[in-house]
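Below you'll find the structure, written out as structure tokens, and then a few comments.
The values are calculated or read from the model by the stated rules, or taken from the named source; none is laboratory data. The structure presented is a predicted model; accordingly, all values stated were derived computationally and were not measured. Neighbour counts are summed over all protein chains in view; Cβ atoms, including those assigned to glycine, are modelled from backbone coordinates with ideal geometry.
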Amino acid sequence: MVRLTRIYTKGGDKGETSLGDGARVAKHDPRVAAYGTVDEANATIGLARLHLGGDEGEADAILGRVQNDLFDLGADLCRPESDQPSEHPPLRVTAGQVARLEGEIDHLNADLAPLRSFVLPGGTAGAAYLHLARTVARRAEREMTALAETEAVNPEAIRYINRLSDLLFVLARALNDGGAQDVLWQPGQNI
């Protein structure tokens, strides 16, 4: 269990931070950028949860699990893969977490009307915030895949963030009265 007694350490005052394995890197290191954007996605989901509306217990429960998973994902990313034995094995995102997201996507999508166009972010407040969270998750995915070009990244972590943006899209549609309140793109409408 994590125990924090001091919030500031002054360790980052010169533009560096520590990874989970103790290595010091620049605060703008691609690995730090990736897990920082995962943290941003998590905060955005927290904001979305505040705007779910009245009776959205299932959506809130799903998002609560996702927020916890995103801390797991951040822990996974902040601890580079290593062949060296460790006293404390690193926390890694698992295939089970990815499968759970896929099951939730399938469950939610089963009740949605088929799409006739692309969906513009909007509708209910909760849906609009989930669309924002989806775009932040996509940015985290771009940063994670860029990192994976130069350093080892857990493949399940990349699968997770990819499925997450799909889940957030489907959940936004569900919050838009099963898609009835979706704002649809009308190509060339303002030409």
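Please work out which one of (1) more than 22 Å from E149 (Cβ to Cβ); (2) in a helix (DSSP H, G or I) is the condition D76 fails and give its number. Result: D76 passes all but (1). Being surrounded by 11 or more Cβ atoms within 10 Å (Cβ to Cβ), out of contact with any helix residue (DSSP H, G or I) (no Cβ under 6 Å at 6 or more places or on another chain) and charged (D, E, K, R) is the filter here, so list the residues in region 82-101 that pass it. Scanning region 82-101 gives a single hit, R100.
Criterion applied to A26, A48 was being under 23 Å from V136 (Cβ atoms) and under 21 Å from the mean Cα position of the chain (by Cα), and the one residue passing it is A48. Evaluating A148 against the criteria (1) within 21 Å of D72 (Cβ to Cβ); (2) modelled with pLDDT under 95 leaves one unmet condition, (2). Name the single residue that is nearest to F169 (Cα to Cα) among those in region 45-68 being in contact with a Phe, Trp or Tyr (Cβ under 7 Å, 6 or more places away or on another chain) and assigned to a helix (DSSP H, G or I). If we take residues in region 45-68 being in contact with a Phe, Trp or Tyr (Cβ under 7 Å, 6 or more places away or on another chain) and assigned to a helix (DSSP H, G or I), then A48 is nearest to F169 (Cα to Cα). The residues of region 142-167 that are in a helix (DSSP H, G or I), of a type in the set (D, E) and more than 30 Å from A110 (Cα to Cα) amount to a single one, E143. Flag: A113 matches the condition of being assigned to a loop (DSSP other than H, G, I, E, B), touching a residue at least 12 places away in the same chain (Cβ under 8 Å), surrounded by fewer than 18 Cβ atoms within 10 Å (Cβ to Cβ) and not basic (K, R).
Conditions tested, residue by residue: (1) closer than 30 Å to E87 by Cα; (2) among the polar types (S, T, N, Q).
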| position | (1), (2) |
| --- | --- |
| G11 | yes, no |
| G15 | yes, no |
| T44 | no, yes |
| E58 | no, no |
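If you go through region 123-158 one residue at a time, how many are surrounded by fewer than 19 Cβ atoms within 10 Å (Cβ to Cβ), farther than 21 Å from A59 by Cβ and charged (D, E, K, R)? Number of matching residues: 5. Checked against the criterion of being within 30 Å of D166 (Cα to Cα) and either in contact (Cβ under 8 Å) with a residue 12 or more places away in the chain or charged (D, E, K, R) (or both), region 80-89 has at least one qualifying residue. Search region 170-191 for residues being among the charged types (D, E, K, R) and within 23 Å of the chain's Cα centre (by Cα), and hand back the single one that is nearest to H107 (Cα to Cα). Ranking the candidates gives R173 first. State whether the residues of region 152-161 include one that is within 14 Å of the chain's Cα centre (by Cα) and more than 18 Å from A95 (Cα to Cα). No; the residues of region 152-161 include none that is within 14 Å of the chain's Cα centre (by Cα) and more than 18 Å from A95 (Cα to Cα). For V32, the conditions (1) out of contact with any strand residue (DSSP E or B) (no Cβ under 8 Å at 6 or more places or on another chain); (2) surrounded by 12 or more Cβ atoms within 10 Å (Cβ to Cβ) all hold with the exception of (1).
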